[in-house]
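Q: Before we start, here is the structure in question, set down as structure tokens.
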Amino acid sequence: MSRVDLVKRGDERGGREQMAATLRAIPRALRTDLFTLARDPMPRSVWLGPLPHLHVVLLAALLALYNASENERILAADSTVALLTMLQSAPVVLALSRPVPAWWLSTLALSLTGALAEEPGPGMTVWWPWSLSALLLHTLVLLLLALRVRPLAAVAALAVTLLAGAADIVFVVGRRPQAVTWDALVLAMAVVLGASLRQGRVARTRLAEQQELTADERARRTLLEERGRIARELHDVVAHHMSVISIQAQVAPHLVENPSPELRENLAGIRASAVEALTELRRVLGVLRSAEGPAEAQRHAPQPTLAQLDDLVAKVRAAGVTVTTATTGPVRPLSPGVELSAYRIVQEALSNAMRHAPGATVRVETAYGPGALSVRITNSAPERPAPPSPGAGHGILGMRERAAMLGGDLATGPVPGGGYEVAAVLPASPSAEVTP
């Protein structure tokens, strides 16, 4: 036997096993759906709220009045009329919260109606062995059931209902009724309608869940990309310090007269560790860089600091934006990480103001405190609507990540008058500062 034949036989055997497993799962699924007392409330409409539920209750009340009048015509005992009217009407209201018990109760009421009724009167033979009102009430219950259970269970419920009608025809003595053809047609339409509406609701729910998962995944990917970009920038800062350590460790023995062998050995170890750390940093940076990373010249350019803030503001002014600046507190050098993050926050805030607030004036305030650096960027209300922004921006996410990385805080939001504000507080304790 060839390999192709073996593959075909394996596929056929797998298909038969899958079909057999599906057939074995059907009875278990039917037991789960149709033999339960679990509460399954009818979901409220997004637009109408509980109004459809009230309509169902009102329709059940109207059909109950009609059902009572029809039962008086086909039932002999008055007490039986009241009992069957209640048994046929109450399941409609019950089906709003517990559709499966309501359907079983309605099916029992239908069977009792067919078993206890007298010969059909004029105009009632079409729906016999049931009355039209009883059929409509049960149709409503079956529709509410099909809206909640799986289509297979709804079809099984339809079959049980029709079997109950057939049993009334066959086993009740003295009846010569018509077949349940019209009854089956009406009930089948209710099941098809309910199953279709349920499948549409399930599809919309799954689509909403998928959209939520997609949005979460997009936000997670954006966050990782932003963290990677921040890490690439901080690599240059760390690499600079490691290079300084390596150079100082190499030069230090020449600054001491007759250095001891122990000192030379320790300094050599420091330099070797620094060089090894630089090598590992380059490997990490290679992993962090994307396929479309920055140009080679940009990769080796020094990272900006607050000393370049005036140049940044000048470029924004050249683009036609009115920008004012203010600095409070004694200006002093801070750690490279703090200065880089502060520069990027101001840069992103100015970019957002240019993009989302055309014609607005922008104010940049920098405050040097004893233990923190504060930056505040505020723009006025835009003079004209902003053009649609392509793609989903994540500038605020990046600013928040930079502030959180340093243990700082970032606050963003609208201000009175229609403007917008970005305020960041970055820790800059004296121990973190560097000398010029």
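The values are calculated or read from the model by the stated rules, or taken from the named source; none is laboratory data. Keep in mind that what you see is a predicted model, and the values were worked out from it rather than measured. When we count neighbours, we look across all protein chains shown, and the Cβ atoms used for this are built from the backbone with ideal geometry, even at glycine. For accessibility, only protein heavy atoms count, side chains too; no ligands or nucleic acids. Shrake-Rupley method; radii C 1.70, N 1.55, O 1.52, S 1.80 Å.
Q: Find the residue count for the range 322-360, including only residues that are open to solvent by less than 30 Å² (accessible area, probe 1.4 Å) and part of a loop (DSSP other than H, G, I, E, B).
A: 5
Q: Next up: Filtering the range 24-80 down to residues that are among the charged types (D, E, K, R) and assigned to a loop (DSSP other than H, G, I, E, B), which residue is least open to solvent (accessible area, probe 1.4 Å)?
A: Checking each candidate, the answer is Asp40.
Q: For the range 322-354, which positions are touching a strand residue (DSSP E or B) at 6+ places or on another chain (Cβ under 6 Å), of a type in the set (Val, Ile, Thr) and more than 25 Å from Met405 (Cα to Cα)?
A: Of everything in the range 322-354, those that are touching a strand residue (DSSP E or B) at 6+ places or on another chain (Cβ under 6 Å), of a type in the set (Val, Ile, Thr) and more than 25 Å from Met405 (Cα to Cα) turn out to be Val323, Thr324, Thr325.
Q: Taking the criterion of being without any contact (Cβ under 8 Å) to a residue 60 or more places away in the chain, open to solvent by less than 30 Å² (accessible area, probe 1.4 Å) and not in a strand (DSSP E or B), would at least one residue in the range 362-374 satisfy it?
A: There is at least one residue in the range 362-374 that is without any contact (Cβ under 8 Å) to a residue 60 or more places away in the chain, open to solvent by less than 30 Å² (accessible area, probe 1.4 Å) and not in a strand (DSSP E or B).
Q: Among the residues of the range 194-211, is any part of a helix (DSSP H, G or I), polar (S, T, N, Q) and either surrounded by 12 or more Cβ atoms within 10 Å (Cβ to Cβ) or touching a strand residue (DSSP E or B) at 6+ places or on another chain (Cβ under 9 Å) (or both)?
A: yes
Q: Next question, about the same structure. Applying the selection to the range 81-91, what residues are modelled with pLDDT under 80 and open to solvent by less than 40 Å² (accessible area, probe 1.4 Å)?
A: If the condition is that a residue be modelled with pLDDT under 80 and open to solvent by less than 40 Å² (accessible area, probe 1.4 Å), then Val81 is the only one that fits.
A quick yes/no check of all residues on (1) closer than 29 Å to Ala38 by Cα; (2) modelled with pLDDT under 90; (3) touching a His at 6+ places or on another chain (Cβ under 8 Å):
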{"position": "Ala115", "(1), (2), (3)": "no, yes, no"}
{"position": "Gly121", "(1), (2), (3)": "no, yes, no"}
{"position": "Thr125", "(1), (2), (3)": "no, yes, no"}
{"position": "Ser133", "(1), (2), (3)": "yes, yes, no"}
{"position": "Leu137", "(1), (2), (3)": "yes, no, no"}
{"position": "Leu147", "(1), (2), (3)": "yes, no, no"}
{"position": "Val160", "(1), (2), (3)": "yes, no, no"}
{"position": "Ile169", "(1), (2), (3)": "no, yes, no"}
{"position": "Val173", "(1), (2), (3)": "no, yes, no"}
